[in-house]
Amino acid sequence: MEILQDILIIILAGYMTMDEDGIVLLTYFPVIVGLATGLIMGDLHTAMVVAGTFQLMMLGVAALGGASVPNYGLATIVGAFVAIRTGTGLKTAIAVGIPVGLLAIQLEVLRRIIANFVAHKMQTLNEEKKWKQMLRWGYAGPVLCFVETALPTAIVVLVGPTAIKMILKFIPTWITDGLTVAGGLLPVVGIAMLLHYMPVKKFLPFLVAGFVLAAFIKIPIIGIALLGLAAAYWYFNSEIDKNKYSQNQAVAKNDTTGEDYDE
């Protein structure tokens with residue numbers, strides 16, 4: 001059973017990057033790959049706790065201008081895998097997942113360099129009208145994407161949880177505690193960035209109401225989300241009615257102006 005889980009985890013990690021640079025079914029998001037990891041490993045709760053943490057971390061960073069950022073999807077897969085297999089908690093997932101996610105930055109840069117060579121080779125073959133060879137070279141792209149994240153995952157999987165536990169014993173407590181603190185700060189940065197780009201002043205009453213419901217009345221997130229959906233539906237219909245009223249007023253004004261002109 002564990003061998004099958006190991007194989008599926010490696011395949012999931014490789015497919016995640018293929019999807020991100022391919023058909024984009026959003027499977028590279030931590031909450032999505034975390035769900036898949038939890039189903040594979042048979043512990044959905046632990047996987048989703050890890051995934052939720054890395055998803056919030058992901059909100060605090062952005063790949064701008066072609067820059068590379070930590071692969072939080074890969075960190076989720078590896079972190080959840082280690083946490084579930086070793087029976088440890090979120091600290092272990094962060095301590096293992098973040099370094100692997102940072103390693104993926106270097107692998108992504110290497111993959112882009114190789115992909116650039118492949119693209120030029122395909123362009124040359126296209127100019128020479130060697131389309132069959134060009135097609136064969138085209139398969140290198142998905143393969144490179146797959147290897148980029150499957151390789152570090154395979155290393156972690158093949159090393160085994162026992163060796164990882166031994167490595168973690170040599171990691172100072174202040175490092176794991178520091179990573180935990182950083183993991184708590186990054187979600188705050190992510191939420192702050194979202195609020196910066198959202199029309200907060202316009203919808204401040206809804207924001208305050210949601211905070212009160214969550215912090216003081218202790219309504220579950222699903223309940224608050226449903227209330228938010230109802231508020232969004234009401235606001236949407238109100239805007240439609242407002243636009244219709246403005247259009248009717250404009251039409252009536254035009255009709256009145258036309259009658260005065262005829263007289």
Completion exercise
Scanning segment 3-30 residue by residue, those part of a helix (DSSP H, G or I), surrounded by fewer than 17 Cβ atoms within 10 Å (Cβ to Cβ) and in contact (Cβ under 8 Å) with a residue 12 or more places away in the chain turn out to be LEU8, ILE11
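Can you give me the number of residues within segment 93-109 that are β-branched (Val, Ile, Thr) and over 18 Å from ILE9 (Cα atoms)?
Here is the first cut: in segment 93-109, the ones β-branched (Val, Ile, Thr) are 94, 96, 98, 100, 105, 109.
Filter again for over 18 Å from ILE9 (Cα atoms), leaving 105, 109.
Selection size over segment 93-109: 2.
With the condition being in the same structural domain as MET41 (by TED's automatic domain parsing) and within 21 Å of THR46 (Cβ to Cβ), I'd like the helices (runs of 4 or more DSSP H) fully within segment 69-140 carrying at least 3 qualifying residues.
72-86, 90-127
The values are calculated or read from the model by the stated rules, or taken from the named source; none is laboratory data. As the structure is a computational prediction, the values presented were derived from the model and not from experiment. Here the Cβ is made from the backbone with ideal geometry for all residues, glycine too, and neighbour counts use every protein chain on show.
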